[in-house]
Amino acid sequence: MADWTGGYVADLGYTFGYYPDLNPLRSQLLLLHARQAMPKLSTACELGFGQGVSVNVHAAASTTRWYGTDFHPSQAGYAQQLASSYADGAQLYDQSFAEFCARDDLPDFDFIALHGIWSWISNENRAIIVDFVRRKLKVGGVLYISYNTLPGWTPMVPVRNLLVQHAEIMTPSGAGVASKVENAVAFARKLWATNPAYARAHPALGDKLKTIAAQDPHYVAHEYFNRDWMPMSFAEMADWLDDAKLDFATYGSAIENITETQLTPEQIALLNELPDTTFRQTVRDFMVNQQFRRDYWIKGPRELTPLDCMELMRAQRVVLCMQHDEVSLTLDSPVGKSALNPSIYRPLLELLADFRPRTLGEIEQELARPDIKLGQIHQATTVLLHKGALGLAQDHETIFRCRPRTDSLNRLLLEQARSRAEVTCLASPVLGGGFLISQLNQLLLLARNSGLREPHEWAAYVDQLLKSQGQCVLKDGVALNDPVAMLQYLNELADVFNRRQLPLLLALGIA
Ligand SMILES: C[S@@+](CC[C@H](N)C(=O)[O-])C[C@H]1O[C@@H](n2cnc3c(N)ncnc32)[C@H](O)[C@@H]1O
């Protein structure tokens, strides 16, 4: 292993995921659940951006100036390639946290984000990051941070140690990380097949191992095989962030802001007896067996008055990101499956079905239903945000300003989609962020962008492109090796794309 890694698994590059949680726009809606406001955004920073898909999409699709670092040179190289494809690209570096945080040419930030970093670095790096947040996050600024949480991770700690020990002892050092990972997971499953007492004491772990075996080895290597790996309780995290003068604001996971979907009435009553925020969060994490927290913290929280809160709620702009008839009116949550109230959700979805962005204030007026209160609209939009059915939308002027940049970035991503399936999102100037779209739909869009007009022409374009690389498509997980069947299936996909997805892509400023 190269020595710039400080024990981090760098032999396998990270995945190319897009994380909408890192879009500061959505935090505006979520912070209002805690009566907190997002500052006006001009600068933001992502520490450990991986392949840099999220940071670039957010930089291209908004007017915020983004900065970031990730010490993996191949990943930073890819991220920089994306950043150079659109004007005023994100400023991205391949520096370690120690080097980047010591720079004297960085601005102060309104928003700092770290996703999938904190649990996998040393205490020394944690101290560097906290010091950076203390110095560089503006007063009123927001930190988004995610981490593996206790008590939920407790049973996995010895399993993770078993995997790492196996990799160290049983696989020759020259074998490469991918085979170390594969062999260690296979061994753990073999151990589980002997029905050990530990497996009987923690019955959920068998399924967990099955899931790990099916996951992308790049992800598994980064998640479990680092030298540093430390799940942490909320109280310990609060202790660390106290040095940066931060207070817990609210949950980055949209649905966790709707307490009734997470806890039973008895649990809510018990929590309400607890005056201390940190202790309340500790107890709540036991109630939900929290494994992974994604939270917003604020430097200097100031509670909004009810009037401020209502005004800010009314100003939130939202847009539907799914055909309204595809949104299921059920919700799976820790307290069970529940039905969403059709007398609120149906009219709301029908109103938004034209994909026109509206403020919650406009929705309130257009619904013209005095029985549906602003708070219920806020709650319903939060639930739809969680379901991926809705996104926050920027104002017209910002959309107009960002469109040339998202077009440029999307051109590059679509070019890459011709031979790579890793990036499954495109940038939307409406959302100020990314929109998930499969590789095949990206290729159909590329065909349309190339001037072809009819869905059957798009299908033929994709058919030829894939066949020229010796590739076929999968239908329900089965490879279509018959060329006629493949073209026929692509025609079906192109038809659905044209009727169902294209209107949405047009509305989101992607097509
Ligand atoms: C688990 S990945 C998460 C990447 C990204 N945030 C995401 O969620 O897709 C952790 C990232 O942190 C980077 N990293 C780890 N230690 C670092 C350090 N000391 N300095 C800079 N980057 C580091 C790794 O290269 C890796 O890309």
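By the count of neighbouring beta-carbon atoms within 10 Å, fewest first, SER84, SER173 end up ordered SER173, SER84. Note that region 307-392 shows a convex hull volume over its alpha carbon atoms of 97 Å³ per residue.
Measuring nothing but how far apart in sequence close Cα pairs (under 8 Å, 6+ apart) lie, relative to its length, region 279-362 scores a relative contact order of 36 percent. Convex hull volume of the C-alpha atoms in region 156-224, normalised per residue: 77 Å³.
Which is the longest stretch in the chain that no exposed loop site breaks, taking sites as trypsin sites (Lys or Arg not before Pro) with a DSSP loop state and at most 14 other Cβ atoms within 10 Å? That would be 104-226. For ARG500 and THR63, a Förster radius of 35 Å and the Cβ-Cβ distance give a FRET efficiency of 0.65, rounded to the nearest 0.05.
For region 146-154, the Karplus equation 6.51 cos²θ - 1.76 cosθ + 1.60, evaluated at θ = phi - 60°, returns couplings of 10, 6, 5, 10, 8, x, x, 7, 3 Hz by residue, with Gly and Pro reported as x.
Computed 3J(HN,Hα) for region 481-495, one whole-Hz value per residue from the Karplus formula 6.51 cos²θ - 1.76 cosθ + 1.60 where θ = phi - 60°, is 7, 6, x, 5, 4, 5, 5, 4, 5, 5, 5, 4, 4, 5, 5, glycine and proline marked x. In the chain, a dipole from Cβ-located charges (positive for Lys and Arg, negative for Asp and Glu) runs towards its positive end, and of GLN36, LEU374, MET232 it is LEU374 whose Cα lies farthest in that direction. In order along region 171-177, the Karplus-derived 3J(HN,Hα) couplings, from 6.51 cos²θ - 1.76 cosθ + 1.60 at θ = phi - 60°, round to 10, x, 4, x, 6, x, 5 Hz, and Gly and Pro are given as x. Remark: for residue pairs LYS190/LYS210; LYS40/LYS373; LYS180/LYS475; LYS180/LYS208; LYS40/LYS299; LYS387/LYS475, the C-alpha separation exceeds 21 Å in LYS40/LYS373; LYS180/LYS475; LYS387/LYS475. For ASP228, no residue 5 or more places off, or on another chain, has a built amide H under 5 Å of its own. Here the alpha carbons of region 383-511 define both size measures, Rg and Dmax, at 15.4, 49 Å.
Amide H to amide H distances under 5 Å link LEU274 with no residue, where only residues 5 or more positions off or on other chains count and H is placed in the peptide plane. Cα extents for the chain along the principal axes, largest to smallest and rounded to whole angstrom: 61, 58, 52.
Applying the criteria of a DSSP loop state and at most 12 other Cβ atoms within 10 Å to the GluC sites (Glu not before Pro) of region 300-406 yields GLU303.
Just so you know, all these numbers are worked out from the coordinates, no wet-lab data involved. Keep in mind that what you see is a predicted model, and the values were worked out from it rather than measured. All Cβ positions, even for glycine, are placed from backbone atoms using ideal geometry, and neighbour counts span all protein chains on display.
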